[in-house]
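The values are calculated or read from the model by the stated rules, or taken from the named source; none is laboratory data. Not measured: the values here are computed from a predicted model. No Cβ is skipped: glycine too gets one built from the backbone with ideal geometry, and neighbour counts run over all protein chains shown.
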Amino acid sequence: MKGAAGLALEDIAPPPPPRRGLRPPRARAADEDTVAEPETCGSPRGLRIPAPDLRRDWANLPSELLEEIAGRLLTIDILEYLRFRSACKPWRKCTDDPSLLGSGLDPRFRPHNWIAVPHCASPSLRCLINIRTGARAEVDRPALSTHRCFGIVDGLLVLCDEATGCAVRLLNPLTGAVAYSPAITDVRDTRPTPSATVKALAASRRPLTKEEIRAIIMTTPKVQVPADPSVINGAAIDDSTSPPTLVLALRRQVRRIICAKPGDQHWVAVHFGEQQEPFFNADGEIVFHTLLSFRRHCYVATCRGDVMRVDLRKPRMVYLYREMALSSETSAYSYLVRSQDHRMLMVRHLSHIDLTQDCYQRSEIFTSQDGVHSCMEVLEVDVVGRRLIPLNGIGKYAAFIGQTYSIILPSDKFSELAPNAVYLNFFRQEWCHFGIYHFKDRRISLPREFTQGAHRNLSPCACHWELADYLIHDIERW
């Protein structure tokens, strides 16, 4: 048989069979040192060339990518951001240093989910606890050995140094950043002064000199605040201003709310504004119980459950909600606390309830050891709707309520805590004769006992105290 080319098919020799023991060459993987190149015309058979180096240069990633990663880590936790910056020097150069920016008040770098517990090994040592995850870390901050701590706000420690005239500092325990504020003994009232000098300067309508500005400051009425930092009992940060404003609650004989920005020369006393408490307002005082930062503003709750916002444009108090349902015989203590799903809650403890006047069912009432009709309720503060929404408890969480601050922790991360329960601060436990209220069955637990007034003579620490014991002392300081 002939093919089209005139050749017999049988004349074409078949290919020789492969030699035994030999295999055709295989192409190496891309991550090996060499790759097989197909034969090309004019090139030697089996030519091999080096593979490109595919190892990642992690230290020199694009700056845009590093900023994106750092930003996402900040949304998780400030500690993750700090770990990212500590990986290598190029990564630190491409990201912001939280110890330098924003005078220590930059909201991006605040340890929102952390609390700092003292450690008896050193006055400058703190055990940091993440209230969401239960994670722990230790830091050593020398400033803690020379300053006293009077509370915590957004994870920042409120410090005061009696040696420098009670000047206030905010310390970020994770980054070491510090924000400086004036001494609490220099508080100016918001009332206008009748000084003739000020009237003449205002009528001139010209830029004021430094000497004239100083004269205005000196004629502004001063609020008498003792040189005792223990009058500080509560703090909040208002992020609606630039830079953010620190707001402090002064108690005891002062009963004032004061505010200042970093670098201010003095504090300004917040005016009582819309509040109508003639017995206290006549002396410029404000009736309040707890102070809380929430969604860039500061809010105040009275004992009865009125909610007010600190309006820093004046500054003055503005009502958000007024409690009108309680009878005059009912004793109430209301505490604002931020939930871990970013809601503002009010935990309110009522005692000496008059069932004939107060709108409470017997099923909502529990009786304390001394036979007093009481009630524990939790309400969501609807800022937009200007109302309180009753809730059926707080689920898996445990709430610690106090005047200095209030806090909520998950019981699944802190197994020693009771879920769906409210822990009273130590002073309220002594007064009410119970320590924990359980929403599920309206059961109360006995107050925590400490021998020989240990709460007054000892400083709670992380190494000898359980977390619950520490918190019930720290959330309300006298």
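Only residues that are closer than 17 Å to residue 367 by Cα and at pLDDT below 95 were counted in the range 402-434, giving 7.
Close contacts from the range 368-393, counting a first residue that is in the same structural domain as residue 355 (by TED's automatic domain parsing) and a second that is in a loop (DSSP other than H, G, I, E, B) and small (Gly, Ala, Ser), with Cβ to Cβ under 6 Å and a gap of 6+ residues or different chains, come to 374/368.
What about residue 150, is it at pLDDT below 90 and of a type in the set (Phe, Trp, Tyr)?
Working: at pLDDT below 90: yes; of a type in the set (Phe, Trp, Tyr): yes.
It is true that residue 150 is at pLDDT below 90 and of a type in the set (Phe, Trp, Tyr).
Could we say that residue 405 is farther than 25 Å from residue 251 by Cβ and surrounded by 17 or more Cβ atoms within 10 Å (Cβ to Cβ) here? No, not satisfied. Counting only residues that are in contact with a strand residue (DSSP E or B) (Cβ under 8 Å, 6 or more places away or on another chain) and within 21 Å of residue 430 (Cβ to Cβ), give me the strands (runs of 3 or more DSSP E) lying completely in the range 291-406 with at least 3 of them. Hits in the range 291-406: 331-338, 344-351, 373-382, 397-401.
Exactly one residue out of 273, 305 is over 24 Å from the mean Cα position of the chain (by Cα), more than 15 Å from residue 153 (Cβ to Cβ) and at pLDDT 90 or above, and it is 273. Entry remark, the range 109-159: residues being over 19 Å from residue 80 (Cβ atoms) and either within 14 Å of the chain's Cα centre (by Cα) or outside any strand (DSSP E or B) (or both) number 18 in total. Considering the range 90-125, and only residues there that are within 20 Å of residue 148 (Cα to Cα) and without any contact (Cβ under 8 Å) to a residue 24 or more places away in the chain, the residue that is surrounded by the most Cβ atoms within 10 Å (Cβ to Cβ) turns out to be 125. For the range 60-108, the set of residues classified as in a loop (DSSP other than H, G, I, E, B) and of a type in the set (Asp, Glu) consists of 77, 96, 97, 106, listed by residue number.
All of (1) outside the structural domain of residue 398 (by TED's automatic domain parsing); (2) at pLDDT below 95; (3) not basic (Lys, Arg) hold for residue 319 with one exception: (2). Here residue 260 passes the criteria (1) without any contact (Cβ under 8 Å) to a residue 60 or more places away in the chain; (2) under 22 Å from residue 185 (Cβ atoms) except the one numbered (1). Applying the criterion of at least 2 residues that are closer than 21 Å to residue 333 by Cα and of a type outside the set (A, V, I, L, M, F, W, C) to the strands (runs of 3 or more DSSP E) found wholly in the range 408-453 leaves 436-438, 443-445. Within the range 61-89, residues that are on the phi < 0 side of the Ramachandran plot and touching a residue at least 40 places away in the same chain (Cβ under 8 Å) sit with their Cβ atoms under 6 Å from residues that are assigned to a loop (DSSP other than H, G, I, E, B) and surrounded by 13 or more Cβ atoms within 10 Å (Cβ to Cβ), at 6+ positions apart or across chains, in these pairs: 78/111; 78/174.
Table: residues versus (1) small (Gly, Ala, Ser); (2) in the same structural domain as residue 444 (by TED's automatic domain parsing); (3) crowded, with 17+ Cβ neighbours inside 10 Å; (4) modelled with pLDDT of 95 or more.
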| position | (1), (2), (3), (4) |
| --- | --- |
| 315 | no, no, yes, no |
| 332 | yes, yes, yes, no |
| 335 | no, yes, yes, yes |
| 341 | no, yes, no, no |
| 350 | no, yes, yes, no |
| 363 | yes, yes, no, no |
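Residues that are in contact with a Phe, Trp or Tyr (Cβ under 6 Å, 6 or more places away or on another chain) and among the polar types (S, T, N, Q) within the range 105-153 comprise just one, 130.
Regarding residue 321, is this residue surrounded by 18 or more Cβ atoms within 10 Å (Cβ to Cβ) and under 29 Å from residue 433 (Cβ atoms)? Here the answer is no, as residue 321 does not meet what is asked.
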